[in-house]
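Undergrad: Got a structure for you, questions after.
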Amino acid sequence: MAEAIFLEQQLQTETRVQGFISRSHQHYIDGNWVSSVSGKSAFRGKDWRQMSPQARSTLIWRLADLMADHLEELAQLDSIDMGMPIRQAQYGTTPMAVDHMRYMAGWATKIEGETIPVSAGNFFNYTVRQPVGVVGAIIPWNFPLLMAVWKLGAALAAGCTVVLKPAEQSPLSVLRLAELVTEAGFPPGVVNVVTGYGPEAGAALVAHPGVNKVSFTGSTEVGKSIMRTAADRMARVSMELGGKSPNIICADANLKRAISGAMLGIFMNQGEVCSAGSRIYVAREIYDQALEQMGDYANRMRVGNPLDPKTQMGPVVSEEQYQRVLGYIDSARREGASLVAGGETLPEAGSGFYIKPTVFANVTDTMTISREEIFGPVVAVMPFDDLEEALERANSSEYGLAAGVWTENVRTAHYLAQNLEAGTVWINAYHIYDAAAPWGGFKQSGFGREMGHHALELYTEIKDVWINLQ
Ligand code: NAP
Ligand code: MG
C-alpha cells in the first residue's frame, strides 16, 4: 500500500516536471512573467527593507517550506537540466538548499550593530548594518538551485532585493523557485529572475546603475571582467570563482577512507564542482597501492542516466564542456601522463555527453592537467616524498578554494590546516558543506564568503552614527 502511494506520488511529480519543462518561460520581474526586461522595471526595495525583520524571516522560512514540499520536483529539474545524479539532488543539494534558506531566515532577526566606546568627546556612537540595496546575482550551471539559494538567502535576510541571472544551460529550477516566491507571498520586485546569455543579460546587469552589488559565482576569467565593469561606478562585488584543489594523502592515512574520500572529491557531480579535489598528492610509500585502488574505484563507478537512482555519475553538462574535458584528456596523453582508468567516452550510455571517471598517474607539476581547472571527471595523481614538499606543491596553484588532507596524525593535520592556502580545509573528509560554515576562496578563487554569518557582510553596509551628548 505504502509503495503504491509512493509510486503514485512519483508519477505525479514526473508529470508536473514534464509539464513545467514543456511550457515556455519568461523573465520574472516585479512579480510578473514578462517577455522582455525594460529599463523601467522598478525594484520596490523599500517595501522589503522597511518590513519588520520578523516578517522577512517568516517569508524566507515560508519559501523554504515550499521548497521542501516541492523537493522531489526541484531535484528532478536540476538532474534533467545539467546531468546531476538524482540521488545527489534528492539527498544532497536540494535538502541543502532548503536548510540554507532556513538558516538565513533565522539571521533576518539577528543582524545587529554595536555601540562603540569613542574617546573623541562626549558622544554616543553606534553602528547599524543596512542592506546594500539591489543585488545582481549571477550564477553558474553546476549546482543551479543551490548557487541561487546561497545568494538569495543571505541577500533577502539582509533586506536586499535581488535580480538573479541563472546560467543558460540550467535555468529550470530557478524559474520554478520564482513561482514558489510568488506562492510564498513575497512583495513584487523583491526577487526577480532574468534569463539570457552572460555577455548580454549578465553584462547588462553588471553595468546597470540601479544594481548596487554584484554577487558572482563562475569562472575566474568572467569574474575579472565583471570586476572591471563594476569598478567604473564602484559597485560592490563578491567573487566565488574557480579552483584546482589539492588533496593530500599522507602515509599514515586510513587508506580505505582516503581513497573513497578522494574519489568522491573529484567525481562528485561529474567533477563539475568548483572545489573538486583535482590534484591528489600521495606519499610515495603508498603511491602504487593508492593508484591501484583509485583505478578500481573509478572503473567500478556506475555512469549513466542521471535520473536512475543507481547512477553515481551522469553526463557532463553540454557538448562544449564535453569537448573541453576531452581536450584536457588528450593534453595529458600528449604530455606523457599515464592513464590508470577511464580516458574515454561512453557512447552506449544513450543521449548525453558521458565521460568515464578518469585517473592519470605520472603527472608532473608543469603539465596542463595539474595546473588548469578542468571542471570534469579527470584527476591528476602525483607522489610526494615529504610533507614540506607536498605543502609547497599544493600551494603552487593560482587558485585557493579548498584542500583536503588525509592523516591520522593530529600534528600533521593542524600543520597543514594552518598552512594550506585555501578558504576551506577538510581533514579526513571532502565535500562537506553546511549553511553555518563560511565558504569562499583565497587568491584567484575569489573573495567574500557565502554561507555562515559571514555571508551577511556581502549584503550589508556598516553605518556609524555619532550623537553629541554635550
Ligand atoms: P562562467 O562561464 O563564468 O559563467 C557563470 C555565469 O556568468 C553564467 O550565468 C554566465 O552566463 C555568466 N556570464 C558569462 N559571461 C558574462 C559576462 N560577460 N558578464 C556577466 N555575466 C557573464 O562559468 P560556468 O562555466 O557557468 O561555471 C563554471 C565555473 O564556475 C568554474 O570556473 C567553477 O569553478 C566556478 N564555480 C565556482 C563556485 C564557487 O563557489 N567558488 C561554485 C560553482 C562554480 P551564461 O553561461 O548563461 O552565458
Ligand atoms: Mg556559460
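Undergrad: Under 9 Å between Cβ atoms, at least 6 apart or on separate chains: pull out the pairs that start in the stretch 216-227 with a residue that is assigned by TED's automatic domain parsing to the domain that holds V135 and end on any residue that is charged (D, E, K, R) and more than 6 Å from ligand 1 (Cβ to nearest atom).
TA: T217/K151; T217/E450; T220/E398
Undergrad: Can you report the number of residues in the stretch 217-235 which are assigned to a loop (DSSP other than H, G, I, E, B) and among the acidic types (D, E)? Can you show your working first?
TA: At the first step, the residues of the stretch 217-235 found to be assigned to a loop (DSSP other than H, G, I, E, B) are 218-219, 232-235.
Adding the requirement that they be among the acidic types (D, E) leaves 232.
The qualifying residues number 1.
Undergrad: Considering each of A403, A413 in turn, give the residue that is among the hydrophobic types (A, V, I, L, M, F, W, C) and touching a helix residue (DSSP H, G or I) at 6+ places or on another chain (Cβ under 7 Å).
TA: A403
Undergrad: Can I ask one more? Which one of these does G136 not meet: (1) assigned to a strand (DSSP E or B); (2) surrounded by 24 or more Cβ atoms within 10 Å (Cβ to Cβ); (3) out of contact with any Gly (no Cβ under 9 Å at 6 or more places or on another chain)?
TA: In the conditions (1) assigned to a strand (DSSP E or B); (2) surrounded by 24 or more Cβ atoms within 10 Å (Cβ to Cβ); (3) out of contact with any Gly (no Cβ under 9 Å at 6 or more places or on another chain), G136 misses (3) alone.
Undergrad: In this structure, does Y354 turn out to be in contact (Cβ under 8 Å) with a residue 24 or more places away in the chain and touching a Leu at 6+ places or on another chain (Cβ under 6 Å)?
TA: Here the answer is yes, as Y354 does meet what is asked.
Undergrad: Look through the stretch 140-172, keep the residues that are in a helix (DSSP H, G or I) and over 15 Å from the mean Cα position of the chain (by Cα), and return whichever of them is farthest from Q130 (Cα to Cα).
TA: Residue satisfying both the conditions and the ranking: L172.
Undergrad: Would you confirm, using the coordinates I've provided, whether P199 is more than 16 Å from ligand 2 (Cβ to nearest atom) and either surrounded by fewer than 21 Cβ atoms within 10 Å (Cβ to Cβ) or on the phi > 0 side of the Ramachandran plot (or both)?
TA: no
Undergrad: Going by what's in this entry, would L59 be described as touching a Leu at 6+ places or on another chain (Cβ under 6 Å) and over 14 Å from L172 (Cα atoms)?
TA: no
Undergrad: Here's a follow-up. Looking at D330 and the list (1) over 26 Å from the mean Cα position of the chain (by Cα); (2) under 13 Å from P246 (Cβ atoms), which single condition is not satisfied?
TA: Every listed condition holds for D330 apart from (2).
Undergrad: Go through (1) over 22 Å from the mean Cα position of the chain (by Cα); (2) within 15 Å of ligand 2 (Cβ to nearest atom); (3) among the charged types (D, E, K, R) one by one and return the number of the condition E221 breaks.
TA: Status for E221: all satisfied but (1).
Undergrad: Among the candidates T229, T217, which residue alone is under 29 Å from W61 (Cα atoms) and within 8 Å of ligand 1 (Cβ to nearest atom)? Show your work before the answer.
TA: Values: T229 fails: under 29 Å from W61 (Cα atoms).
Unique residue meeting the criteria: T217.
Undergrad: Would you pick out the residues in the stretch 94-126 that are more than 21 Å from the chain's Cα centre (by Cα), closer than 15 Å to R62 by Cα and hydrophobic (A, V, I, L, M, F, W, C)?
TA: Residue satisfying the conditions is A108 alone.
Undergrad: Now, a different point. Kindly provide the set of residues from the stretch 236-282 that are hydrophobic (A, V, I, L, M, F, W, C), assigned to a loop (DSSP other than H, G, I, E, B), farther than 18 Å from A298 by Cα and within 16 Å of the chain's Cα centre (by Cα), ordered by number.
TA: Correct list: L241, C274.
Undergrad: Hey, another quick one. Could you run through the stretch 438-447 and say how many residues are closer than 20 Å to G153 by Cβ and buried (at least 21 other Cβ atoms within 10 Å of the Cβ)?
TA: Here is the first cut: in the stretch 438-447, the ones closer than 20 Å to G153 by Cβ are 438-441, 446-447.
In the following step, the residues that additionally are buried (at least 21 other Cβ atoms within 10 Å of the Cβ) were identified as 439-441, 446.
Counting residues in the stretch 438-447 that are closer than 20 Å to G153 by Cβ and buried (at least 21 other Cβ atoms within 10 Å of the Cβ) gives 4.
Undergrad: Across the stretch 205-215, what is the total count of residues that are assigned to a helix (DSSP H, G or I) and without any contact (Cβ under 8 Å) to a residue 60 or more places away in the chain?
TA: Step one: of the stretch 205-215, the residues assigned to a helix (DSSP H, G or I) are 205-207.
Checking which are without any contact (Cβ under 8 Å) to a residue 60 or more places away in the chain leaves us with 207.
Matching residues across the stretch 205-215 total 1.
Undergrad: Looking at the stretch 190-213, is at least one residue away from ligand 1 (no atom under 16 Å from the Cβ), in contact with a Phe, Trp or Tyr (Cβ under 6 Å, 6 or more places away or on another chain) and over 25 Å from Q444 (Cβ atoms)?
TA: There is at least one residue in the stretch 190-213 that is away from ligand 1 (no atom under 16 Å from the Cβ), in contact with a Phe, Trp or Tyr (Cβ under 6 Å, 6 or more places away or on another chain) and over 25 Å from Q444 (Cβ atoms).
The values are calculated or read from the model by the stated rules, or taken from the named source; none is laboratory data. For clarity, every value in this text was computed on a predicted model and none was experimentally measured. Note: ideal-geometry Cβ built from the backbone for every residue, glycine included; neighbour counts use all protein chains shown.
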